[in-house]
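Working notes for the structure below.
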Amino acid sequence: MGEPRTENAGAREVLRLAVPALLVLAAEPLYLLVDTAVVGHLGAVPLAGLAIGAVLLAQVSTQLTFLSYGTTARAARLHGAGRRTDAIVEGVQSTWLALGIGVLLVVIGQLVAGPVARGLAGGTGPVADAAISWLRVALFGAPLVLVTMAGNGWMRGLQDTARPMRYVLVGNGLSALACPLLVYGPGPLPELGMVGSAVANVAGQVVAAVLFGRALLSERVSLAPVPAVLRGQLTMGRDLVLRSLGFQACYLSAAAVAARFGAAPVAAHQVVLQLWNFQALVLDSLAIAAQSLIGATLGAGGASRAHALAWRVTRYGLVLGCAFGVIFAALAGVLPRAFTNDQAVLDAMPVAWWFFVALQPIAGVVFALDGVLLGAGDAGFLRTATLLGAGLGFLPLIWASLAFGWGLAGIWTGLAMFMLVRLASVVARTHSGSWAVLGAVRS
């Protein structure tokens with residue numbers, strides 16, 4: 001593999017890592033669009049069941065991102081220190097964690113699938129039954145999804161984002177091809193209905209997980225569990241899970257409050273939020289490149305290079321955020337109509353839209369510095385900063401918006417405060433330099 005490329009890492013090096021990472025991040029949402037379109041032709045009940053089941057299953061990847069992000073940070077440091085074998089051992093340990101947690105999720109999920117799905121569906125009925133039937137099959141893919149996340153983590157740590165891209169695209173591509181065949185059952189194939197969607201999902205996950213497993217085996221390192229490494233990964237995992245829970249509390253609260261103002265405001269909020277999630281994919285890919293490069297630079301003992309790289313990546317994020325702001329501002333009169341023709345929704349949308357546009361440069365900086373600090377293994381700080389942003393910025397304004405009838409203006413002011421608190425905290429932390437702990441392992 002050669003030496004890690006961290007010295008004078010410029011835009012080309014960042015793009016080399018970020019573009020494949022973006023395709024990996026986009027693969028799952030794109031597959032879900034295919035899945036939704038296929039199941040949607042079965043009728044409203046299967047589509048509603050899929051929506052509930054998919055939301056529940058999505059919590060697996062949302063809450064367990066430490067298997068990718070945490071592993072990237074730890075493996076990148078070791079790779080930068082010239083300890084490639086030890087970096088791959090991090091991948092072995094995160095894969096063991098993925099399998100262990102995944103099996104536990106399958107067992108618990110089968111036990112609680114019924115009550116949880118019925119709770120979200122508002123009681124018993126055909127929608128709940130559809131969600132349960134889909135979820136019981138799809139849950140068997142949970143260990144495989146987590147193995148793929150772990151594989152992405154250790155390979156990114158080695159500054160290899162090309163192979164994970166191929167593996168994920170092959171798996172998702174297979175699922176996309178199999179989905180209509182298994183759902184509709186043309187010719188001699190059995191017609192499985194919406195359960196065929198879950199089977200196709202699991203089949204693609206099997207392929208991706210096998211490819212990552214084969215790549216790990218080809219490295220010929222010890223596959224034995226290492227308790228000390230597992231403990232270190234779980235410690236970082238705890239901080240990242242708490243951070244993720246902070247995000248979930250904010251976004252679920254925003255959706256719940258928006259729904260109290262009527263159908264048009266909640267629909268407008270949902271459209272703008274989905275666009276926010278889209279631009280987050282692009283900015284996340286930049287953060288992933290920063291994680292890999294920063295971790296390797298600190299592992300190699302390059303404190304001054306790490307500081308220079310941190311601010312260089314921040315400039316890239318700012319430029320990208322400003323570009324997004326200009327694009328979405330220019331499309332303000334056109335893009336919303338691609339999502340809806342309902343005039344009430346269109347009338348409600350400008351309030352959220354202009355907050356969304358104004359927040360783009362801030363998001364560009366925050367996402368970039370999140371990647372820097374994650375790459376440095378500074379998960380404890382990010383956990384605290386996120387929870388403070390949620391507790392002091394987002395949630396008070398969200399619930400005040402409900403109490404005082406501020407509508408979408410109050411909700412998006414809360415999001416703006418959340419982002420400003422995060423901006424202030426990550427900029428101050430990066431400027432302090434206390435994140436730049438040198439060495440193969442962050443103590």
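Some observations on this one:
- As a rough footprinting exposure proxy, the listed residues ILE132, ILE411 were ranked by other beta carbons within 10 Å of their own, and the order from fewest upward is ILE132, ILE411.
- Length gained on full extension, TYR251 to THR384, computed as 0.36 nm times the residue gap minus the Cα-Cα distance: 46.1 nm.
- Counting every pair of alpha carbons in segment 216-330, the share spaced more than 24 Å apart comes to 55 percent.
- For segment 217-232, the Karplus equation 6.51 cos²θ - 1.76 cosθ + 1.60, evaluated at θ = phi - 60°, returns couplings of 5, 5, 7, 6, 9, 4, 9, 6, x, 10, x, 5, 5, 4, 5, x Hz by residue, with Gly and Pro reported as x.
- FRET efficiency estimate (nearest 0.05) - Cβ-Cβ, LEU420 to THR340, R0 35 angstrom: 0.75
- Counted over the chain with a bin width of 10 Å, the fraction of Cα pairs per bin, in whole percents, is 5, 20, 30, 28, 14, 3, 0.
- Backbone phi angles across segment 154-168, fed through the Karplus curve with coefficients 6.51, -1.76 and 1.60 (θ = phi - 60°), yield HN-Hα couplings of 6, 6, 4, x, 8, 6, 10, 9, 6, 5, x, 4, 5, 5, 5 Hz in residue order; Gly and Pro are listed as x.
- Using distinct alpha-carbon pairs, which all enter the 1/r mean, Kirkwood radius of segment 43-158 in Å: 15.2
- Coupling constants for segment 363-373 follow from the phi torsions by the Karplus curve (6.51 cos²θ - 1.76 cosθ + 1.60, θ = phi - 60°), and in residue order they are 4, x, 6, 5, 5, 4, 6, 4, x, 4, 6 Hz; glycine and proline get x.
- Ascending count of other beta-carbon atoms within 10 Å, so fewest first, for VAL210, VAL195, VAL38: VAL210, VAL195, VAL38
- Two-decimal log10 I(q)/I(0) for segment 11-225, as the Debye equation yields it once each C-alpha is a single scatterer, q = 0.17 Å⁻¹: -1.12
- Computed lengthening from VAL441 to ARG238, 0.36 nm per intervening residue step minus Cα-Cα distance: 71.3 nm
- Spin-label model, LEU177 to ALA428: label points 7 Å out along the Cα-to-beta-carbon direction sit 5.4 nm apart.
- FRET E, pair TRP311, ALA162, Förster distance 25 Å, beta-carbon r, rounded to 0.05: 0.40
- Taking label points 7 Å from Cα along the Cα-to-Cβ direction, ALA58 and GLU219 give a separation of 3.1 nm.
- Here the contact order of segment 183-287, divided by its residue count and restricted to Cα pairs under 8 Å and six or more residues apart, works out to 9 percent.
- In the chain, Cα pairs under 8 Å separated by at least six residues give a relative contact order of 22 percent.
- As a proxy for reagent exposure, ILE108, ILE88 were ordered by neighbouring Cβ count within 10 angstrom, fewest first; the result is ILE108, ILE88.
- Where N is the number of residues in segment 113-226, Cα Rg divided by 2.2 N^0.38 Å: 1.30
FYI, it's all coordinate maths here, none of it is from the lab. This one's a predicted model, so the numbers in the text were calculated from it and none came from an experiment. Glycine also receives a Cβ, built like all others from the backbone with ideal geometry; neighbour counts cover every protein chain displayed.
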